[in-house]
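What follows is a short report on a single structure.
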Number of protein chains: 2
Amino acid sequence: MFKFDCQARCPETQARVGVFHTPHGIIETPRFMPVGTLANVKTVTPAQLATTGAQMILANTYHLHLQPGEEIIAAAGGLHRFMGWSGPILTDSGGFQVFSLSQMRAISDAGVLFKSPKDGQEIFMSPEIAMEIQGQLGADVIMAFDECPPYPATREQVQAATERTIRWLYRCHQAHYHRPNSPLSHPQALFGIIQGGVYLDLRRACAAEMVKLDLPGYAIGGVSVGEPPELIAGVVAATTPLLPEDKPRYLMGVGTYREMAQAIAAGIDLFDCVIPTRLARHGSALVQGERWNLKNARFKTDFTPLDETCTCYACQNFSRAYLSHLIRAQEVLGFTLLAIHNLTELIRFTQRIRTAILAGTFTSEFASWLKPQESA
Amino acid sequence: MFKFDCQARCPETQARVGVFHTPHGIIETPRFMPVGTLANVKTVTPAQLATTGAQMILANTYHLHLQPGEEIIAAAGGLHRFMGWSGPILTDSGGFQVFSLSQMRAISDAGVLFKSPKDGQEIFMSPEIAMEIQGQLGADVIMAFDECPPYPATREQVQAATERTIRWLYRCHQAHYHRPNSPLSHPQALFGIIQGGVYLDLRRACAAEMVKLDLPGYAIGGVSVGEPPELIAGVVAATTPLLPEDKPRYLMGVGTYREMAQAIAAGIDLFDCVIPTRLARHGSALVQGERWNLKNARFKTDFTPLDETCTCYACQNFSRAYLSHLIRAQEVLGFTLLAIHNLTELIRFTQRIRTAILAGTFTSEFASWLKPQESA
C-alpha cells in the first residue's frame, strides 16, 4: 500500500521526482506539507487547504494526546474523519515537542516523564506509548519516537541521544508491526527519524543503522533547532547517500525557500514547517521568494493583488490594500487569506522545482537558491 | 433602480413577502443581513458568506472612517470591490456608534465632536459628512445620520433626539440628492432612521414626518439598546402602519428568533445583528432556536453534526466533538465554522418565515415564536 516511485533524477544533483503512494492518496514529490498541529491547519478550512495544492498534511501526537486525547479521535473514526481531511496525513511522534515544549521530569531508556503544559499533570511517553497513540490517531504515516538533542550540544550528548533514538526505533518497530488487532481499516507506515545533530559521522552512523530495518520511509530530524541554516544542507548531504533510493525522505521542520531548494538538491522529497501559517498570523506574506510585512505603509493604497501571477483565493479576489487593512485591524480574515496564500506559495515552490527537475532545468532555474549564501 | 415589490401578505398579521431591487442584486424579504463592520464579516470569507444565503450585508461608516478611511475605499473602487462582495451592501451612518462607542466632546445641531477610540484624535461628524463618507464608500443603501438616545432616557431627552434626527434627515436628504458629480457608477438609496425610544407617540410622530420625504426605505433605530426585548414588538407595531407599503422596512440591530418573528408579523422586512458572528467567537452555536455552548462536556464525544438538517459547510463536514475540540483549543477555525453555521441558521430562519407567509402557514408554523414570552 505504501510505495515510492522515483520518476526522474536530476543529472547534476541528487534531486529526484517521485510519487509516494499511501492509503489516502498520492504525494507528488518534492512537496511541502502544511502543519495542522491540533487537527487543523490554523485559520484554514480543509476546503480552503485543498485549493493550496496540499496533498499530505501533518498533525502532532504530542498536542493531540494532551487535547482532545487520542481516544476521542479514535472514537470519531480517526484523524481523517475527525478533521475532515480525506488526503494523506502524517503524525509526528511527539519526540520533538516533548523535548522542546515540556518541563522534563525524568529521561531514561524507558521513556520520558514530563509535565503537561496544559494542566501540569505528569505524563509518561515512551516508544510503545507513542506507537499506541499514533495507532489510535490513524494517520497514514507515523513517526518513530526519538530524542531530539538541542543546539548547541556536545558530541557526547548528541551521541547518547542518537543511540537512544536508535534503540527506541527498534522498540517502535516492534510495537507497531506486532500490534494486536489494529482497529484501523488501513495500514500505517512507520518512518524512522535520523538524529546526530551537526556531527556528520553520527548522522551517517545513525542512518546506516536505521536502514537495516528496511522502513517504508526515513526522516532527518533535529535540524532547524537553532543551528545556522547553512549547516542544514551539509547534514542532509551527509545522510541521504546512505538512504535507500526507493523510499521517501523527509526533512523535518524545514520550510524556507533556500533550505528546501538545497535539501532537494541533496535528495530530500518531503518538508513540513509552521512558517507559512505562523507568518500569516504575524501579518507577513511570502511573495516570490520574499517576505513582506503587510503593515508596511506602502501597501495601504496598493490596489494590486499580493502576487499577480498567483492563482490562490486571496490573490484572485483581494488587493494588498485590503489585506493590509485587515491585518492592521487585526481581523482574523486577514490571517486566513495570508495563510491560504503562503501555503499556496510554498507548495508551488516545491512543485516548480519538481517541474524543473523533470525538464532538466533545476540547477539553472533555481541557481540563485542553490548558492550557499544570500538572505531570503 | 431601487424598487420594492410586495409579493404576498399574511392574512392574519402585517407580515409580507417582498423583493427589494438594488444595483448589486435583489434581497428576498424578510431576510437577515450579516454585519461586516470593518469591511469583512468577521472570520468568514466572501465565498463562505455566499454559501450562508446572505444577500445584502452591512458595513459601518463609523468604523471605516476611522480605519482604513473612506478615501482608501473610494480609491479601491468602492466597498464592493475593496471587500470582494459583489452583492448588495448597506452602510450604517455611524450615528449609533458615535453615540454608543465614543467619548463625546460636544453635540449640537451642527453635528457631533467625538474622540476617536483608536488614537484619541478629535473627529467631527455631521449629516453632511456622513453622506459624504457613505458616498465615498459606495454602498447600495446608505443610512441617514441620526441621534440615537440611550435607554433609559426621559421623554424630553428622547423627544429632543428625535426632533434632531428629523432635522438631520432633511439635511442628509439635501446633501445626498444634491451631491455634485458622484464618482459612483450606481445610485445609492437613502433610508431614514425612525427614533422615539419606547415612547410610541414619538415613534408615530417621527415616522409621520419622515414619510413626507418619500424615501426609498425606512429603518426603525434605537431599539435593542438595553430596553426589555418585549418592548420592541410594540415599538414596531406602532410604527409600521405609518410607513408606505411599497418601501422596505428595516429593524436595526435585531437578530434573535423571537424578536425577528414578531417584527416580521408587524411588517418588518430586513434585520441585521452581530449576534451570529459574536456568538461564534464565544463558542456558541444557534441550533434550531436554541443556543448551545460548544464547551459543554456533552459535546466532547458527540460525533453527530451540529444540526443534522443543516446544509452549511460546518454541519456537512464536521462533528460537534470536532467543533468542541476547536473551541476548547481556541482555534480560529472553530470560530469560522460556527460563524458560517450561525449565519446560515439565522438567514434560514427568515427564509423559512418567508416560505411560510407564501404558504399561508406563518402564524401556525411560527406560533411558539409569535407568543409574547418564553426564553430563547
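Quick look at the numbers
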read-out	value
Among the residues listed as B:211, B:223, the single one being surrounded by fewer than 17 Cβ atoms within 10 Å (Cβ to Cβ), of a type in the set (Val, Ile, Thr) and either more than 30 Å from residue B:74 (Cα to Cα) or touching a Leu at 6+ places or on another chain (Cβ under 6 Å) (or both)	B:211
Residue list for region B:55-71, restricted to those being among the hydrophobic types (A, V, I, L, M, F, W, C) and within 16 Å of residue B:33 (Cα to Cα)	B:56, B:57, B:58, B:59
Count of region A:345-372 residues which are under 19 Å from residue A:258 (Cβ atoms), in contact (Cβ under 8 Å) with a residue 24 or more places away in the chain and assigned to a helix (DSSP H, G or I)	14
Failed item, numbered, when residue B:168 is tested on (1) aromatic (Phe, Trp, Tyr); (2) part of a helix (DSSP H, G or I); (3) open to solvent by 50 Å² or more (accessible area, probe 1.4 Å); (4) touching a strand residue (DSSP E or B) at 6+ places or on another chain (Cβ under 9 Å)	(3)
Selection within region B:317-333 - buried (at least 23 other Cβ atoms within 10 Å of the Cβ) and farther than 17 Å from residue B:298 by Cα	B:333
Qualifying residue in region A:66-85 (condition: of a type outside the set (Ser, Thr, Tyr), within 13 Å of chain B (Cβ to nearest Cβ), in contact with a strand residue (DSSP E or B) (Cβ under 7 Å, 6 or more places away or on another chain) and assigned to a loop (DSSP other than H, G, I, E, B))	yes
Residues of region B:10-41 satisfying the condition of being within 14 Å of another protein chain (Cβ to nearest Cβ) and surrounded by fewer than 20 Cβ atoms within 10 Å (Cβ to Cβ)	B:37
Listing of helices (runs of 4 or more DSSP H) fully contained in region A:223-322 that carry 2 or more residues being in the same structural domain as residue A:350 (by TED's automatic domain parsing)	A:275-281, A:313-317
Pair list, Cβ under 9 Å, 6 or more apart: region A:39-50 residue closer than 13 Å to residue A:80 by Cβ and assigned to a loop (DSSP other than H, G, I, E, B), other residue modelled with pLDDT under 95 and β-branched (Val, Ile, Thr)	none
Near pairs, Cβ below 7 angstrom, 6+ apart or cross-chain, from region A:167-195 (at pLDDT 95 or above) to any residue that is charged (D, E, K, R) and assigned to a helix (DSSP H, G or I)	A:171/A:128; A:175/A:128; A:194/A:203
Number of the exception - residue A:314 against (1) surrounded by 21 or more Cβ atoms within 10 Å (Cβ to Cβ); (2) facing another protein chain (nearest Cβ under 10 Å); (3) more than 29 Å from residue A:368 (Cα to Cα)	(3)
Qualifying residue in region A:73-85 (condition: under 21 Å from residue B:303 (Cβ atoms), without any contact (Cβ under 8 Å) to a residue 40 or more places away in the chain, surrounded by fewer than 20 Cβ atoms within 10 Å (Cβ to Cβ) and among the aliphatic types (A, V, I, L, M))	yes
Candidate set: region A:171-203, residues that are of a type in the set (A, V, I, L, M) and in a strand (DSSP E or B); chosen: the one nearest to residue A:145 (Cα to Cα)	A:193
Filtered residue count, region A:109-156, keeping only those that are part of a helix (DSSP H, G or I), touching a helix residue (DSSP H, G or I) at 6+ places or on another chain (Cβ under 8 Å) and open to solvent by 10 Å² or more (accessible area, probe 1.4 Å)	4
Any hit, region A:31-40, residues being among the polar types (S, T, N, Q) and in contact with a Phe, Trp or Tyr (Cβ under 8 Å, 6 or more places away or on another chain)	no
Selection within region A:42-63 - open to solvent by less than 10 Å² (accessible area, probe 1.4 Å) and within 9 Å of chain B (Cβ to nearest Cβ)	A:43, A:44, A:45
Scope region A:176-207; condition open to solvent by 40 Å² or more (accessible area, probe 1.4 Å) and in contact with a Leu (Cβ under 8 Å, 6 or more places away or on another chain); matching residues	A:177, A:198, A:204
Tally, over region B:37-49, of residues that are closer than 19 Å to residue B:348 by Cβ and in contact with a strand residue (DSSP E or B) (Cβ under 8 Å, 6 or more places away or on another chain)	2
Region B:123-147, residues that are over 22 Å from residue B:270 (Cα atoms) and of a type in the set (S, T, N, Q)	B:126, B:136
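The values are calculated or read from the model by the stated rules, or taken from the named source; none is laboratory data. Bear in mind the structure is a predicted one, so any value in this text is a computation, not a measurement. Cβ atoms come from the backbone with ideal geometry, glycine included; neighbour counts cover every protein chain shown. Areas reflect the complete protein model, heavy atoms only, side chains present, ligands, DNA and RNA absent. Shrake-Rupley method; radii C 1.70, N 1.55, O 1.52, S 1.80 Å.
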